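Okay, structure first, notes after.
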Amino acid sequence: MPQSKAGRVAFEPLLLGLRRIPELHGVARDGDSLRIGALVTMTELMESALVRAHCPILVEAADQFASDQVRNVATIGGNVCNASPAGDTLVPLLALDAEVELVAKPNGLLTGRRVPIGEFFKGPGKTLRARHEIVAALRVPIGVPGRFMRFFKLGSRPALDISAISIGVCARRDAGVLSEVRVAFGAVAPVPLRGRATEAALEGRQLTEAVIETAAAAARDEVHPIDDFRASAWYRREMVHNMLKKVLADAT
Amino acid sequence: MGKAETESLIGKRIPKMDAPDKASGKTRYIDDVNVPGQLIGRILRSSRVHARIKSIDTAAARALPGVHAVLTAADVPDQRAIGVSKDNLPFKGDVVRSLRDEIAAVAAETEEVAAAALKLIRVEYEDLPLLTDPLEALKPGATLIHPEREPVALKHPEALRPWYDPDNCQTGNIAMSFDYTQGDVARGEAESDAVVEDSFRLHYVTHCCMGVSGVIADFQSNGNLLLYSNTQVPFLHRREFAEVLGIDPGRIRIIQPPIGGGFGSKLDIYPFEPIAVFLARAARRPVKLIFTREEEFIASPTRQPVLIRLRSGVKKDGTLTFRSVTTLHDNGAYTSWGATTPFVMMQTFSSLYRVPHCDYHTVAVYTNNPYAGSFRGYGNLQATFAVEQHMDRLAEAIGMAPLALRLANAQNPGEVTPQGMHFKTCGLKECLSTVAERSGFEAKFRANRDNQRMPGTLKRGIGMASMLHVGGGAKIYPSDGCGTILKLDDFAHVTLITGASEIGQGSETVLSQLVCEELGLPMSSITVVNNDTDITPWDVGVHASRTTFIAGNSAIGAAKKAREKIFAAAAKKFDLPAEAFALRGGLLVRADTGETLIDLAKFLRSMHFSEKAELVMTSFYYEPPSHHQDKEFKGDVSAAYAWATQACEIELDTTSGMVKLLKVTGAHDVGRVLNRLGIEGQIEGGIVMGQGYALTEDLMVKDGRIRNPGFRDYKLVTAPEIPEMDISFIETMDGEGPQGAKGVGEAPAICMAAAVANAIANATGVRITELPFTPENVYRALAAARAQAGQRAA
């Protein structure tokens, strides 16, 4: 609705209320993953014991999401479908290797499919979701306990801000060696971006100063931000470098 | 008797009288006012920045059911230009010069119909060359933005020298210029041991009043015009509306519903106001026209973007020698009061510190940008940003501490400056020393400086700045006065009818306090009427931090007259001289013994029902003892001057450029504290406004278009960023001020950007002369300084 009011999306005379569909609500454990209903709000994410236990990185992102008033109504499904490169929950979902659960009922028959989140985003505001589909849930694999997870958001003020850049890191840490490293960046490309080169620079390594510097340099090289009025491309690259160093320093 | 309070009200913490209504949602702002039969007015603004209008087709809009009037310039042949230079026609018929330009307007039954009608209006344009940089607008051969205007004759074309050859540039785009000289700058420069020169660039910010602009135009059956308006200068606007509409000012009545903030933005009239009147005239129905928030960002005024070139000198012993200033103001497409901010900037350049030789030349240049208006501080934030950074630069150049240099050149009480300002009271030195002591300035300054080159990415900085601003009105108009009427009823309830407008600054509370103090009554026995030109006596309006001082003196004058009448009647009744009485705690008492003679309410009743019940009203008009400036801008324009010093402590993250404001230590010469709660609120609010100017707020204008017309991307300071504040009041007890007070409305916002700039320099050794200090701008400046240092080392 806000996008339609702002003239960015055509007004649809037929609107469907999803709020009363129970399957779209709630966080539940489903085998070795967490199923987070698309209508779970930022506030609910922050308060969910399951989310807090298994993916605290989402709690961090929800905590830095807009304001209390917005957190009470904004849903994770809405944030994902909005597909803003700066969307706060998108970066952690990428770092968590989540899946998007889509459902449709084309001929009276309920069908569903799951799409890895890394494939879901196609451009600013554009996703793989077909016109007749809705996002029902996000599925997050439950990894080994005690992983390092961190979400970092940089804006020009501490509250109510849209990221100039954001960083999500998720990795196993065994005796100081990182493995299963996933790094994601927000607001540095047309879609939230997995940092494959950065991950490669970290995988199987001890976090020494030299490794951190190599990873940060790789990150600066692999992002491809644009100049816009929130930040220049140059500043975004610099911040990806400097802030990733800060995040990784916390992991040592 | 239930009125036991006998203590003085002065200096107490008194909650604002309008606070309960505002906090409980009872206040009815202009958007809540609905007049029977009203239509909704909306304006079609240009979609081009600079273009010739080839055609406007309103046929489809006119045909839309529910539309009562559609107007363009062609429909209002009698429209007249508004603004300080009368260069702004409400409806633009031939050329649009900025994105906010008004092309057409509709009055319709509902908001939805009005919006739909706007979409049906077709405008054909032919683009003209864009001029969005004042330096481009001065280039030889630049397009003239107002070819119809006579070019301004420059008295000192040399003023353009920093940027252009004065003999070979486009002076036709100059909207206004000012030239001021004291002493002989060349002599001052010859006497200097150190000279510094810098360029400073100040950006666009806007007021962000919580209440958006709006007006309701309602013609009465007798043809008189009733305007519900958010103006902060109702009496001047009444006259201006009359001129624009070609009607007798006596037939215009302005009612001000409670105003959701002004901060100077409501000093000018804007095209939307006459347009609402034209719509009401055409539709023969009242028309309500309220901005959307986006429209407020696009079509309300801004603070002046200014380019300042400043050259200053000092002797080895710390004596300032000269200051030479040129400023280039981006006027935008039309001229508003904002173009006259050099009046105020001049005072800071010439008189904040003692400087024997000073010249100041300035031009305001037309561009196709949004036009700037008046904004709290009126140029002083910009001037102080430059002057106070130079105080630090000069101190550094001669190896003196910044505090010592300031103290050595600070004004003293009794001083008459070369510009003719007479500082009858002046607390600048106390402000400086109080702030230095309470913030631990000198030790922190040295420690931070020593820490600049140490390892670590978090740097602390402390910086200070001072300010001078008018604090006793400003004699700009023929009169700088204000009238008061007091009505004392037969139950000793007082109605204070004042010309002074309440725009959220707390004037009605402080004026009530002053009256109750004179009459020995509690705050519960007073009501204020201050929003209707048919009722209230004349006042020049809310500007120049004048209301407490001017309207306060006027209110006191009326209260004293009332008291004299009471004492004269008491003298007869009690057979004592008039001097023998006093009013305390709602009682008439003997001044010497405090013995109660009679309840004031009872005595007033007896006066009411006596033969000559003339006590019902007293009126008093106060005109401050200030003077108009002469043609060289010299003269004692204010009855008093306000002073302040603020020190800002910051933490700067060199890896991101993020500046966190930790603490502000301020000392303000306010003459005297009248309402402690009110003045704290005023100062805290001003500090936060100054903080936004320094750190976060940035109205981004590119190619004449505003890129962030909303609160998502126009970043006001939010609660977690508000720093710790330590505010001291320096009470110099001004002889002319009401109970000794001076004006303080604008003062607290003025120093902040300069103090933060000095703190950044203290933290990093890098001086940034361009606002705002957003993380990217600071980071970029640090990177540039590192690159430069690297080059030097290589």
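Since every read-out is calculated from the coordinates, none of them should be taken as a lab result. Keep in mind the model is a prediction, meaning the values are calculated, not measured. Ideal geometry is used to build each Cβ from the backbone, glycine not excepted, and the neighbour counts take in all protein chains shown.
Here are the numbers:
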read-out	value
Most positive-pole-ward Cα, B:Ala397, B:Ala364, B:Val287, against dipole of segment B:271-420 from beta carbon charges	B:Val287
Inter-centroid distance (Cα atoms) of segment B:719-769 relative to segment B:629-660, Å	7
Descending principal axes extents, segment A:23-141, alpha-carbon based, whole Å	39, 33, 25
Kirkwood Rh, Cα atoms: Rg over Rh of segment B:175-268	1.27
Percent antiparallel among DSSP beta bridges (both partners in chain B, rounded to 5)	75
Positive-end residue, segment A:23-141 charge dipole about Cα centroid, Cβ charges, pick of A:Ala62, A:Phe121, A:Ala49	A:Phe121
Which listed pairs, of B:Lys631/B:Lys702; B:Lys266/B:Lys715; B:Lys92/B:Lys288; B:Lys86/B:Lys631; A:Lys5/B:Lys119, have C-alpha distances above 26 Å, in listed order	B:Lys631/B:Lys702
Cα→Cβ-extended label distance, 7 Å offset, between A:Lys105 and B:Asp534, nm	6.3
Residue-averaged 222 nm ellipticity for chain B, from DSSP H runs of 4+ at -39500 (n - 2.57), nearest 500	-8000 deg cm²/dmol
Radius ratio Rg over Rh of segment B:726-781, counting only Cα atoms, Kirkwood formula for Rh	1.21
Globularity index of segment A:148-251, i.e. its alpha-carbon radius of gyration over 2.2 N^0.38 Å	1.02
Bins of 10 Å, starting at 0 and running to the largest distance - Cα pair percent for the protein assembly as shown	2, 10, 17, 20, 20, 16, 10, 4, 1, 0, 0
P(r) weight above 12 Å for segment B:256-296, C-alpha pairs, percent	70
Under 14 Å from B:Lys634, Cα to Cα: aspartates and glutamates that are on another chain or at least 8 residues apart	B:Asp179, B:Asp359
Percent of Cα pairs exceeding the 15 Å cut-off, where the set is segment A:89-182	69
Mean Cβ count within 10 Å, highest first, over the residues of peptides A:38-50, A:123-135	A:38-50, A:123-135
Alpha carbon Rg of chain A, scaled by the compact-globule rule 2.2 N^0.38 Å	1.00
Residues B:Ser192, B:Ser229, B:Ser55, sorted so that the one with the fewest Cβ neighbours within 10 Å comes first	B:Ser55, B:Ser192, B:Ser229
Order of B:Asp330, B:Asp133, B:Asp698 - criterion: other Cβ atoms within 10 Å of each residue's Cβ, fewest first	B:Asp133, B:Asp698, B:Asp330
Between segment B:516-569 and segment A:202-242, the alpha-carbon center distance in angstrom	64
Dimensionless Rg over Rh [segment B:642-794; C-alpha; Kirkwood]	1.07
Whole-angstrom gap from segment B:199-255 to segment B:369-442, using each part's C-alpha centre	35
Rotationally averaged projected area of chain B (alpha carbon convex hull; nm²)	36.5
Dipole in debye (nearest 20) - segment B:15-157, about Cα centre, beta carbon charges: Lys, Arg +1; Asp, Glu -1	260
In nm, spacing of pseudo-spin labels at B:Gln788 and B:Lys12 (7 Å Cα→C-beta vector)	5.6
Which of B:Ser351, B:Ser610, A:Ser84, B:Ser554 has the fewest Cβ neighbours within 10 Å, and the rest in rising order	B:Ser610, A:Ser84, B:Ser351, B:Ser554
Rounded to whole Hz, the Karplus (6.51, -1.76, 1.60) HN-Hα couplings of segment A:136-147, x for glycine and proline	8, 6, 10, 10, 10, x, 8, x, 5, x, x, 5
Charge dipole (debye, nearest 20) of segment A:148-251; +1 at Cβ of Lys and Arg, -1 at Cβ of Asp and Glu	220
Compactness index (Cα Rg / 2.2 N^0.38 Å), segment B:550-609	1.14
In order through segment B:255-269: 3J(HN,Hα) via Karplus (6.51 cos²θ - 1.76 cosθ + 1.60), integer Hz, x for Gly, Pro	10, 9, x, x, 9, x, x, x, 6, x, 5, 10, 7, 8, 8
Dipole in debye (nearest 20) - segment A:23-141, about Cα centre, beta carbon charges: Lys, Arg +1; Asp, Glu -1	480
Listed residue (B:His50, B:Pro15, B:Val35) projecting farthest to the positive dipole end of segment B:1-109, Cβ model	B:His50
Trypsin sites (Lys or Arg not before Pro) restricted to DSSP loop in segment B:275-348 with at most 16 other C-beta within 10 Å	B:Arg284, B:Lys315, B:Lys316
Coil-residue GluC sites (Glu not before Pro) of segment B:187-287, DSSP, other Cβ within 10 Å capped at 16	B:Glu191
Integer Hz, Karplus 6.51/-1.76/1.60 couplings in order for segment A:175-192, x for Gly and Pro	6, x, 9, 8, 8, 6, 7, 10, 10, 9, 10, x, 6, 10, 6, x, 10, x
